[in-house]
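Have a look at the structure below before the remarks.
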Amino acid sequence: MRGQIQTQRQVSYFFLGSRRGMLLAMFNDRKRPFFQSARFQELGPLPHAELVSFLSGLFSQEGKSCPAEVCAAVSETVQQHPYYAQLLAGELFALSGPKVSPDLLPRAVARMLDQERYGFEAMLDTYTPAQARILSTLAEHPGEMFSREFSEQAGLAVGTIQTGRKKLLAADLIEESPKGVWRVVDPVFALWLRARAVR
């Protein structure tokens, strides 16, 4: 593929994906054919105000009225994630009449989580019980992973947490903020983990 790309002129390629670790490895590993052949641009969450306006416009185009506060709640629930914003808005659309009621949001969230649960369950099954426990605890309590409080919340020894963190970090399931706060990367996966914990 690189050989084909190198023969082309005035053409740009975009490699996009949510698995940042995989993309970084493609372009930063000396043994890989695409080593040092790309510039990195991290795309953060969508702008909240623009997403709210976009969702409101989509409902309006289809003849439904969705109050700004409901669109804002959709945006906040999925933390401005593009795929999940559309998925949750779609569930709301399916449940609603001509005017979307805020009361429908919990049902729409439950439907979204039910739709995504098969993928989440399959992914969770590939990790050890300790690693799954780290994910569940981080979903409930984002923060410092190596504190005594986190260790007690997870019911795991610090050494077990350190080992699990390496694998979960390599899989791009967790991340650390510049302020040292660890969290689950996927906001809806975190939501599903929290919902699963209260069953």
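So the values come out like this:
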read-out	value
Residue that is under 17 Å from the mean Cα position of the chain (by Cα), among the small types (Gly, Ala, Ser) and over 30 Å from Phe93 (Cα atoms), where the choices are Ser177, Ser151, Ser147	Ser177
Residue match in the range 114-125 (condition: part of a loop (DSSP other than H, G, I, E, B) and not acidic (Asp, Glu))	no
Test: Pro178 is crowded, with 16+ Cβ neighbours inside 10 Å and either among the hydroxyl-bearing types (Ser, Thr, Tyr) or more than 20 Å from Thr126 (Cβ to Cβ) (or both)	no
Residue within the range 131-140 that is touching a helix residue (DSSP H, G or I) at 6+ places or on another chain (Cβ under 9 Å), in a helix (DSSP H, G or I), modelled with pLDDT of 95 or more and farther than 14 Å from Arg183 by Cα present	no
All positions within the range 124-139 that are touching a residue at least 12 places away in the same chain (Cβ under 8 Å) and either loosely packed, with under 15 Cβ neighbours inside 10 Å or among the small types (Gly, Ala, Ser) (or both)	Thr128, Ala130, Ser136, Ala139
Some residue of the range 69-76 being in contact with a Leu (Cβ under 8 Å, 6 or more places away or on another chain), among the hydroxyl-bearing types (Ser, Thr, Tyr) and outside any loop (DSSP other than H, G, I, E, B)	yes
Only listed residue being closer than 18 Å to Thr77 by Cα, in a helix (DSSP H, G or I), open to solvent by 70 Å² or more (accessible area, probe 1.4 Å) and without any contact (Cβ under 8 Å) to a residue 60 or more places away in the chain, chosen from Arg183, Arg194	Arg194
Subset of the range 140-162 (residues that are open to solvent by 20 Å² or more (accessible area, probe 1.4 Å) and touching a residue at least 12 places away in the same chain (Cβ under 8 Å))	Glu140, His141, Pro142, Glu144, Phe146, Gln153, Gly155, Leu156, Val158, Thr160, Gln162
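The values are calculated or read from the model by the stated rules, or taken from the named source; none is laboratory data. Please read these numbers as outputs of a predicted model, since none were measured by experiment. Cβ atoms come from the backbone with ideal geometry, glycine included; neighbour counts cover every protein chain shown. These area figures cover heavy atoms from the full protein model, side chains too; ligands, DNA and RNA do not enter into them. Shrake-Rupley method; radii C 1.70, N 1.55, O 1.52, S 1.80 Å.
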